[in-house]
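The values are calculated or read from the model by the stated rules, or taken from the named source; none is laboratory data. Fair warning: this is a prediction, and the values are worked out from it, not measured in the lab. Because the Cβ atoms are built from the backbone with ideal geometry, glycine has one as well, and the counts that use them run over all protein chains shown. Heavy atoms of the whole protein, side chains included, go into the accessibility calculation; ligands, DNA and RNA do not. Shrake-Rupley method; radii C 1.70, N 1.55, O 1.52, S 1.80 Å.
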Amino acid sequence: QKEVEQNSGPLSVPEGAIASLNCTYSDRGSQSFFWYRQYSGKSPELIMSIYSNGDKEDGRFTAQLNKASQYVSLLIRDSQPSDSATYLCAVEDGNTGKLIFGQGTTLQVKP
Amino acid sequence: SAVISQKPSRDICQRGTSLTIQCQVDSQVTMMFWYRQQPGQSLTLIATANQGSEATYESGFVIDKFPISRPNLTFSTLTVSNMSPEDSSIYLCSVEDYRRGTANYGYTFGSGTRLTVV
């Protein structure tokens, strides 16, 4: 069974701090990785996708991928209360191309 | 990115009845995906729908319970049949968006259908 693991949280950070969200995965054949944000009662929204080892930055968000260690992380700089949501890590199955989602980490940014 | 219109947004249904959920995409897509998100849980793939062929169901999901139609490249329906309270969930459709390998590659989701079975 291919798995994606996330700490469910909640992760609580003060406004303006860096939030660090982590995800590990079991499928060494996976090549594509995604971070989604889901506000309560809403559908998931794609924040970042990453395919290569290293960092990928987009505004206040940085995704980091380490395929050797099978982990992917998301850093949110200058966290805002509006960033409070559940963050879902998704990994594309290397054989089928289907997405496997982690349980999600709830982030709370306190003013 | 693709825009998906999903209907209904929510419904309360009696046990034993069926509900059909519709997803309309503003562009042609090869595959559409149907997910279930149970309360407080993450997303679980129900099936993949390709135009012109039978949907492919994941382990634990069967066609008799979740029949899917895919009449063209922009539309799909998921029916939840003979419902029980355990079917109370959010149901989401999704499509692959942008070209693989671009900075914006990913999967876009519909707004979801919140189903409550009483």
* Qualifying position, being out of contact with any Gly (no Cβ under 7 Å at 6 or more places or on another chain), within 14 Å of chain A (Cβ to nearest Cβ) and β-branched (Val, Ile, Thr), among B:74, B:79, B:116 -> B:116
* Hey, can you tell me all the residues within the stretch A:7-37 that are part of a strand (DSSP E or B) and surrounded by fewer than 20 Cβ atoms within 10 Å (Cβ to Cβ)? => A:11, A:12, A:13, A:14, A:20, A:22, A:24
* Breaking point among (1) modelled with pLDDT under 95; (2) touching a Phe, Trp or Tyr at 6+ places or on another chain (Cβ under 8 Å); (3) of a type in the set (S, T, N, Q), for residue A:96 -> (2)
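Quick one: which strands (runs of 3 or more DSSP E) sit completely within the stretch A:40-111 and have at least 3 residues that are away from chain B (no Cβ under 13 Å)? Give the derivation first.
Numbers: elements: A:45-50, A:54-58, A:61-66, A:71-76, A:85-92, A:99-101, A:105-110.
Counting at least 3 such residues, we get A:61-66, A:71-76, A:105-110.
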* **Near pairs, Cβ below 7 angstrom, 6+ apart or cross-chain, from the stretch B:44-63 (more than 19 Å from residue B:112 (Cβ to Cβ)) to any residue that is among the aromatic types (Phe, Trp, Tyr)** => B:63/B:57
* Of all the residues that make up the stretch B:13-55, how many are open to solvent by 70 Å² or more (accessible area, probe 1.4 Å) and of a type in the set (Val, Ile, Thr)? -> 1
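For the subset of the stretch A:1-39 comprising residues that are of a type in the set (Phe, Trp, Tyr) and under 15 Å from residue A:69 (Cα atoms), which member is nearest to the other protein chains (Cβ to nearest Cβ)? Outline the logic, then answer.
In the first step, residues of the stretch A:1-39 are kept if they are of a type in the set (Phe, Trp, Tyr); the result is A:25, A:33-36, A:39.
Still in the running and under 15 Å from residue A:69 (Cα atoms): A:25, A:33.
Values: A:25: 13, A:33: 10 Å.
This residue is A:33.
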* Positions within the stretch B:1-26 being more than 13 Å from residue B:116 (Cα to Cα) and in a strand (DSSP E or B), in sequence order -> B:4, B:5, B:6, B:7, B:20, B:21, B:22, B:23, B:24, B:25
* To do: For residue B:97, work out the one condition from (1) open to solvent by 10 Å² or more (accessible area, probe 1.4 Å); (2) under 23 Å from residue B:17 (Cβ atoms) it doesn't fulfil.
  => (2)
* To do: With the condition kept exactly as written, say whether any residue in the stretch B:62-75 is under 11 Å from the mean Cα position of the chain (by Cα) and of a type in the set (Gly, Ala, Ser).
  => yes
* State which residue pairs qualify: first residue within 11 Å of chain A (Cβ to nearest Cβ) and inside the stretch B:14-43, second residue exposed (fewer than 12 other Cβ atoms within 10 Å of the Cβ) and modelled with pLDDT of 95 or more in any location, beta carbons under 7 Å apart, and separation of 6 or more residues or different chains. => none
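Which residue out of A:91, A:109 is more than 16 Å from residue A:22 (Cα to Cα) and open to solvent by less than 50 Å² (accessible area, probe 1.4 Å)? Can you show your working first?
Numbers: A:91 fails: more than 16 Å from residue A:22 (Cα to Cα).
A:109 is the lone residue from the list that is more than 16 Å from residue A:22 (Cα to Cα) and open to solvent by less than 50 Å² (accessible area, probe 1.4 Å).
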